[in-house]
Amino acid sequence: QVRLVESGGGLVQPGGSLRLSCAASGSIFSIYTMGWYRQAPEKQRELVASITITRSTNYADSVKGRFTISRDNAKNTVYLQMNSLKPEDTAVYYCNAGGRSSGYPGGSWGQGTQVTVSS
């Protein structure tokens with residue numbers, strides 16, 4: 001019912017920056033929380049950052065001070081600004097969305113975008 005499309009991934013050197021975007025369409029009226037998760041090879045998918053419609057945010061300890069999540073409610077789009085990237089940030093990044101009554105993560109997922117941090 002909610003379609004999420006990510007963009008902005010790519011290859012970057014350690015210390016560099018990338019900005020990810022996620023555009024939502026479909027049954028967007030019920031979206032309360034949007035966020036970013038990531039999954040590295042052979043590792044569990046983990047929360048990176050989330051933001052509510054009121055712009056309350058939550059970050060993984062590993063990205064605090066380096067990543068910033070933001071939201072444009074008019075465009076139904078969430079962004080993830082990633083600075084000071086490290087090799088351990090390499091993963092597929094997935095956009096996620098859920099209603100106010102949903103648990104974390106929400107029930108809608110994007111297809112993912114690859115972020116590779118390497119020299």
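Structure above, values below:
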{"quantity": "In range of the label at N83: residues from region 1-20 whose backbone nitrogen is under 17 Å from the point 7 Å along Cα→Cβ", "calculated": "13-20"}
{"quantity": "Antiparallel %, DSSP beta bridges [both residues in the chain], to 5", "calculated": "95 percent"}
{"quantity": "Cα-derived Rg over Rh, computed across region 1-99 with Rh taken as Kirkwood radius", "calculated": "0.96"}
{"quantity": "Lysines whose Cα lies under 25 Å from that of K86, excluding same-chain neighbours fewer than 8 positions away", "calculated": "K43, K64"}
{"quantity": "Using distinct alpha-carbon pairs, which all enter the 1/r mean, Kirkwood radius of region 60-106 in Å", "calculated": "12.6 Å"}
{"quantity": "Where GluC sites (Glu not before Pro) fall in DSSP loop in region 27-119, at most 13 other Cβ within 10 Å", "calculated": "E42"}
{"quantity": "Region 1-99, accessible area per residue, ligands and nucleic acids excluded (1.4 Å, Å²)", "calculated": "52 Å²"}
{"quantity": "Loop trypsin sites (Lys or Arg not before Pro), region 36-81, which have at most 13 other Cβ atoms in a 10 Å radius of their Cβ (DSSP)", "calculated": "K43, R55, K64, K75"}
{"quantity": "Local electrostatic count at V48 - Lys and Arg +1, Asp and Glu -1, tallied over other residues with Cβ under 15 Å", "calculated": "+3"}
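The values are calculated or read from the model by the stated rules, or taken from the named source; none is laboratory data. Fair warning: this is a prediction, and the values are worked out from it, not measured in the lab. Glycine also receives a Cβ, built like all others from the backbone with ideal geometry; neighbour counts cover every protein chain displayed. When the accessible area is computed, the model is the full protein with side chains, heavy atoms only, and any ligands, DNA or RNA have been set aside. Shrake-Rupley method; radii C 1.70, N 1.55, O 1.52, S 1.80 Å.
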